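Below is one structure, written out as structure tokens, with a few remarks after it.
The values are calculated or read from the model by the stated rules, or taken from the named source; none is laboratory data. Computed from a prediction, not measured in an experiment: that's the story for all the values here. We place every Cβ from the backbone using ideal geometry, glycine too, and count neighbours over all the protein chains shown. For the accessible areas, the whole protein counts, side chains as well, though only heavy atoms, and no ligand, DNA or RNA atoms are used. Shrake-Rupley method; radii C 1.70, N 1.55, O 1.52, S 1.80 Å.
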Amino acid sequence: QVQLVESGGGLVQAGGSLRLSCAASGRTLRNLLGWFRQAPGKEREFVAAINTSGSNIRYAESVKGRFTISRDNAKNTVYLQMNTLKPEDTAVYYCAAGLGPATNSATVKLYHDWGQGTQVTVSS
């Protein structure tokens with residue numbers, strides 16, 4: 001059982017930046033940390049994921065080149081740096097802890113623990 005708490009969401013103008021953080025606590029028998037998002041009326045979608053060492057990183061095509069995922073294992077924290085934000089990035093962002101092959105880290109079924117979400121709103 002892993003508890004995940006997201007922070008750093010907020011309101012930002014298009015073209016701006018935000019950094020999300022997710023602190024993990026409890027039993028951390030997981031090799032993957034990922035970010036997902038869900039916009040109103042839409043399905044939850046994969047954003048980015050990173051393995052334990054940080055050597056394997058995956059991004060959704062829609063955010064590649066704009067978002068950067070990283071982790072600090074000493075702090076049990078994963079980050080999502082979001083640059084050049086667009087209105088279509090508006091969503092509730094969730095971090096999740098998973099277990100599985102890093103090459104399949106975009107697969108939602110690998111994730112077992114989820115945070116409560118943090119709202120990101122990008123204005124036009």
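Taking only the range 22-43 into account, find how many residues are closer than 11 Å to ASN76 by Cβ and in contact with a Phe, Trp or Tyr (Cβ under 6 Å, 6 or more places away or on another chain).
0
When the range 97-124 is examined, which residues are found to be closer than 15 Å to ILE50 by Cβ and surrounded by fewer than 13 Cβ atoms within 10 Å (Cβ to Cβ)?
LEU99, PRO101, THR103
Name the residues in the range 40-63 that are under 18 Å from CYS22 (Cα atoms), out of contact with any strand residue (DSSP E or B) (no Cβ under 7 Å at 6 or more places or on another chain) and either small (Gly, Ala, Ser) or free of Cβ contacts under 8 Å to residues at least 12 places away in the same chain (or both), would you?
SER53
Taking GLY54 as meeting all but one of (1) of a type outside the set (A, V, I, L, M, F, W, C); (2) assigned to a loop (DSSP other than H, G, I, E, B); (3) modelled with pLDDT of 95 or more, write down the number of the exception.
(3)
Of the residues in the range 69-100, how many are in a loop (DSSP other than H, G, I, E, B) and either closer than 19 Å to GLY9 by Cα or touching a strand residue (DSSP E or B) at 6+ places or on another chain (Cβ under 9 Å) (or both)?
9
Determine which single condition ALA48 fails, assuming it passes every other condition in (1) in a loop (DSSP other than H, G, I, E, B); (2) of a type in the set (Gly, Ala, Ser); (3) open to solvent by less than 20 Å² (accessible area, probe 1.4 Å).
It is condition (1) that ALA48 fails.
So which of GLN13, GLN38 ends up being in contact with a Lys or Arg (Cβ under 6 Å, 6 or more places away or on another chain) and of a type in the set (S, T, N, Q)?
GLN38
Go through (1) over 21 Å from GLN81 (Cβ atoms); (2) open to solvent by less than 70 Å² (accessible area, probe 1.4 Å); (3) not small (Gly, Ala, Ser) for VAL12 and report which single condition fails.
Only one criterion in (1) over 21 Å from GLN81 (Cβ atoms); (2) open to solvent by less than 70 Å² (accessible area, probe 1.4 Å); (3) not small (Gly, Ala, Ser) is unmet by VAL12, namely (1).
Across the range 26-39, what is the number of residues that are open to solvent by 30 Å² or more (accessible area, probe 1.4 Å) and either touching a Leu at 6+ places or on another chain (Cβ under 8 Å) or without any contact (Cβ under 8 Å) to a residue 40 or more places away in the chain (or both)?
Selection size over the range 26-39: 5.
Considering each residue of the range 64-96, count those that are in contact (Cβ under 8 Å) with a residue 12 or more places away in the chain, of a type in the set (Gly, Ala, Ser) and either open to solvent by 30 Å² or more (accessible area, probe 1.4 Å) or farther than 15 Å from LEU18 by Cβ (or both), and give that number.
2
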